[in-house]
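Remarks on the structure that follows.
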């Protein structure tokens, strides 16, 4: 069978890799590079090269079984992983000092950790409640605002700081964050507040997430991969399909998998009869655009260096935007800042990239669950973030596994993944 995959992000790449050897695969990617929101740059600082992510960054090998297996299969090892302290500071633009500074563990001198008080209690409750929403499988339709505003006044008195966390991730206003699915956004912030004697950690790839993209692409032996070839339309061809790309390519296939943003998938399906229901569901997933910049100067960081954290979120004019500091990992001051709505700009900017992120509203999460089932014309499937209510590397790759199970349940790579994830 010949399978056409539109979208060369982690979902599309993982699917092509899983299907290779069982089916003939053609992969179309609109950008001149593969990876989607996984974009890494190699930067020399302090005399050493560093892989810095402009887009998605963190992973969790211990709780990301699909990611862990695929990374190992394409040759990445424990030596390719870097563990970094995971600290956070939250600031309001009008205030001279951060409203909240998280603990950084033992051995960190002079860090102005926020003492016990209403701000710290509110944020600690948010983390604990988010963990409970996942454990109890809270309905996806319940909004963050509904739950937070039912808390006692002392805990919700700093709701702008609570909403700032998902607002910065999804590029929406604080007001819009109130209407997001609590379970969807809470998955990214769940967990107990670290104690002062603990060092919270995050893991990422030494060469950036791009190292996984390059390893996956390098392990594709027979797949046809075309970058700079955005899908323009999907048309019917008897029991199969024809993919028309924007640079003149015509690709006859037996099955189609759209691992694209929902609006672009919807546009490509316009001429295809039998895809009306899918197009309706795709229209329910809204997007926001985020601009990220890599820079040397401490733009977006707290004025007090002792409060600098790996993640520094600033609330301003109804928005919140984050600056990530790579110093604890690399021993050099490198920063990646969201610049979408900030008035200022870094003085020593090295690179800039733009990404799109889906808003996990209740309507969007309902649509995404239905899109994962891909009701509609046989042989037409979807993968990636238009089918997953939670946007993580693991969710994107797991969506590829779900599609591979339908298209090639006996594929060798899929069989090994099942064996590894299930522990034998």
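The values are calculated or read from the model by the stated rules, or taken from the named source; none is laboratory data. Everything numeric here is computed off the predicted structure, so don't read it as measured data. Positions of Cβ are backbone-derived with ideal geometry, glycine not excepted, and every protein chain shown enters the neighbour counts.
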- Task: Evaluate segment 368-379: report whether one residue or more is surrounded by 23 or more Cβ atoms within 10 Å (Cβ to Cβ) and within 24 Å of residue 35 (Cα to Cα).
- Result: yes
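With respect to residue 178, is the statement that it is at pLDDT below 95 and over 18 Å from residue 58 (Cβ atoms) true? I'd like the intermediate steps shown before the answer.
Values: at pLDDT below 95: no; over 18 Å from residue 58 (Cβ atoms): yes.
In short, no.
Kindly indicate whether any position in segment 325-333 is under 21 Å from the mean Cα position of the chain (by Cα), under 20 Å from residue 43 (Cα atoms) and assigned to a loop (DSSP other than H, G, I, E, B).
There is at least one residue in segment 325-333 that is under 21 Å from the mean Cα position of the chain (by Cα), under 20 Å from residue 43 (Cα atoms) and assigned to a loop (DSSP other than H, G, I, E, B).
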- Residues (closer than 15 Å to residue 67 by Cβ and either free of Cβ contacts under 8 Å to residues at least 24 places away in the same chain or not assigned by TED's automatic domain parsing to the domain that holds residue 256 (or both)) located in segment 389-417: 395
- Can you find even one residue in segment 43-66 that is in the same structural domain as residue 409 (by TED's automatic domain parsing), in contact with a helix residue (DSSP H, G or I) (Cβ under 6 Å, 6 or more places away or on another chain) and in a helix (DSSP H, G or I)? yes
- Message: I need the full set of residues from segment 275-321 which are part of a loop (DSSP other than H, G, I, E, B), in contact (Cβ under 8 Å) with a residue 40 or more places away in the chain and touching a strand residue (DSSP E or B) at 6+ places or on another chain (Cβ under 8 Å), in order please.
- Response: 275, 285, 286, 296, 297, 299, 300, 302, 308, 309, 310
- Message: Being assigned by TED's automatic domain parsing to the domain that holds residue 162, in contact (Cβ under 8 Å) with a residue 40 or more places away in the chain and either surrounded by 21 or more Cβ atoms within 10 Å (Cβ to Cβ) or under 30 Å from residue 246 (Cβ atoms) (or both): is that true of residue 40 here?
- Response: no
- Message: Looking only at helices (runs of 4 or more DSSP H) that lie completely in segment 126-214, which have at least 3 residues being without any contact (Cβ under 8 Å) to a residue 40 or more places away in the chain and either outside the structural domain of residue 71 (by TED's automatic domain parsing) or crowded, with 20+ Cβ neighbours inside 10 Å (or both)?
- Response: 144-148, 153-156
- Item | Selection status of residue 381, in a helix (DSSP H, G or I), farther than 20 Å from residue 172 by Cβ and over 17 Å from the mean Cα position of the chain (by Cα) | no
